[in-house]
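Okay, structure first, notes after.
The values are calculated or read from the model by the stated rules, or taken from the named source; none is laboratory data. This is a predicted model, so every value here is computed, not measured. Neighbour counts are summed over all protein chains in view; Cβ atoms, including those assigned to glycine, are modelled from backbone coordinates with ideal geometry. The area values use the complete protein model at the heavy-atom level, side chains included, leaving out ligands, DNA and RNA. Shrake-Rupley method; radii C 1.70, N 1.55, O 1.52, S 1.80 Å.
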Amino acid sequence: MPKTKAKPSPFPAEPALLRAPRAVIVGASSGIGAALARRLAAEGHRVAVLARDKARLAALCAEITATHGEVRAVAYPHDVTDLKAIPALFQRLVKDLGGIDVFVYCAGVTIPVGIDEFDGDKDQQMLQTNLAGALAWLGRAAALFQGAGAGQLVGISSVAGDRGRVLNPAYNASKAGLDAYLEGLRNRLTRRGVHVLTVKPGFVDTEQLKGSPRVFAVISPEKAADGIWKAMRARKQLVYVPWFWRYLMLVIRLIPSFIFRRLSF
Ligand SMILES: NC(=O)c1ccc[n+]([C@@H]2O[C@H](COP(=O)([O-])OP(=O)(O)OC[C@H]3O[C@@H](n4cnc5c(N)ncnc54)[C@H](OP(=O)(O)O)[C@@H]3O)[C@@H](O)[C@H]2O)c1
């Protein structure tokens, strides 16, 4: 049987000593993930960007290449709910990039539900994208980093994970689950030289926010990406973006249940 030639990496070859940090962002076709891809590329990273929308990923990579005059971002179309595809795609990323230094899970959906509505399909869609996909990807990256004794894992969670609320219990559950998983990874991997960052944005002006009722203090995706990058650089464990959500959520977490269940947010 004729041997098939291994595909060369789409990233330009670099001398090992001058190698740029290599990042993967899952959920990078729009919003916070796209802004973070631009930021990491500007900070000298090579970035693999993943999401379902091929055209948007291609446009993002073309923009980043044009900005820097060299290929710093490459697109890998992928649907995170296709869990079976993850092992092979992960291996391909490791091969194309020559290793991974930073892994960011940003994919997420919020599907609006009525306050009296219980829709199992909507709930499953949120759980599969925000939590099952996150565990499948982050678990692989965690194993790689544990073996290497280095690496940075970043999970984009939400202030919505801090309490179960009347508006969207399944979204709250998906983000609370992600918080617990990231904390568990941190407790396992800090001793192995791996940094794990949990990011909790407040309201960010992205497609996901469209249709959300009663938003305030909305920030741009670029501002969110700036907060995330600074927390990555400072090797923080948990960051609220912007910072004041830490205190707002502290107050919200302290509201006793007998009052909280009478509130409508
Ligand atoms: N905006 C906010 O106010 C806010 C607040 C707190 C937390 N967050 C979190 O921030 C993260 C990014 O959201 P965003 O606000 O930037 O919204 P966004 O612009 O809608 O971005 C969501 C990203 O997730 C990707 N995605 C969704 N489903 C996917 C799937 N099945 N497979 C692969 N990728 C998928 C989307 O790409 P494709 O559609 O191309 O697949 C897109 O790149 C989410 O985890 C969200 O929960 C957002």
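Here are the numbers:
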read-out: Neighbourhood net charge (14 Å Cβ-Cβ; Lys/Arg +1, Asp/Glu -1) for ALA35; value: -1
read-out: Positive-end extreme of charge dipole, the chain - chosen from SER257, PRO201, LEU89 (charges on Cβ); value: LEU89
read-out: Tilt relative to the chain, helix 86-97 - C-alpha long axis, 0 to 90 degrees, to 10; value: 50 degrees
read-out: Nearest 10 degrees, 0 to 90: helix 31-42 Cα axis against the chain principal axis; value: 40 degrees
read-out: Cross-link reach list, lysines versus LYS7, counting only Cα pairs under 23 Å and skipping chain neighbours closer than eight places; value: LYS54, LYS84, LYS95
read-out: Cα gyration tensor, region 177-265 - rounded (a/c under 1.5), prolate or oblate; value: oblate
read-out: Reach of LYS175 by Cα under 17 Å, taken over aspartates and glutamates that are not fewer than 8 positions away in the same chain; value: ASP123, ASP162, GLU183
read-out: Approximate spin-label separation GLU222-ALA180, in nm, with each point projected 7 Å along Cα-to-Cβ; value: 3.9 nm
read-out: Additional length obtainable on full extension of the chain from ARG188 to ALA58, 0.36 nm per residue less Cα span; value: 43.2 nm
read-out: Under the Karplus curve 6.51 cos²θ - 1.76 cosθ + 1.60, θ = phi - 60°, whole-Hz ³J(HN,Hα) for region 60-76, x wherever Gly or Pro sits; value: 4, 5, 4, 5, 5, 5, 5, 5, 9, x, 7, 6, 10, 9, 10, 8, 10
read-out: Within the accessible area of the chain (1.4 Å probe), percent carbon and sulfur; value: 57 percent
read-out: Size of electric dipole in region 118-243: Cβ of Lys, Arg +1 and of Asp, Glu -1, about Cα centre, debye, nearest 20; value: 560 debye
read-out: Packing-based order for 214-224, 20-30, using average beta carbon neighbours within 10 Å, highest first; value: 20-30, 214-224
read-out: Proximal aspartates and glutamates relative to LYS5, as straight alpha-carbon distance under 20 Å, when same-chain residues fewer than 8 apart are discounted; value: ASP96
read-out: Ordering of 140-152, 57-69 by packing [mean C-beta count within 10 Å, highest first]; value: 140-152, 57-69
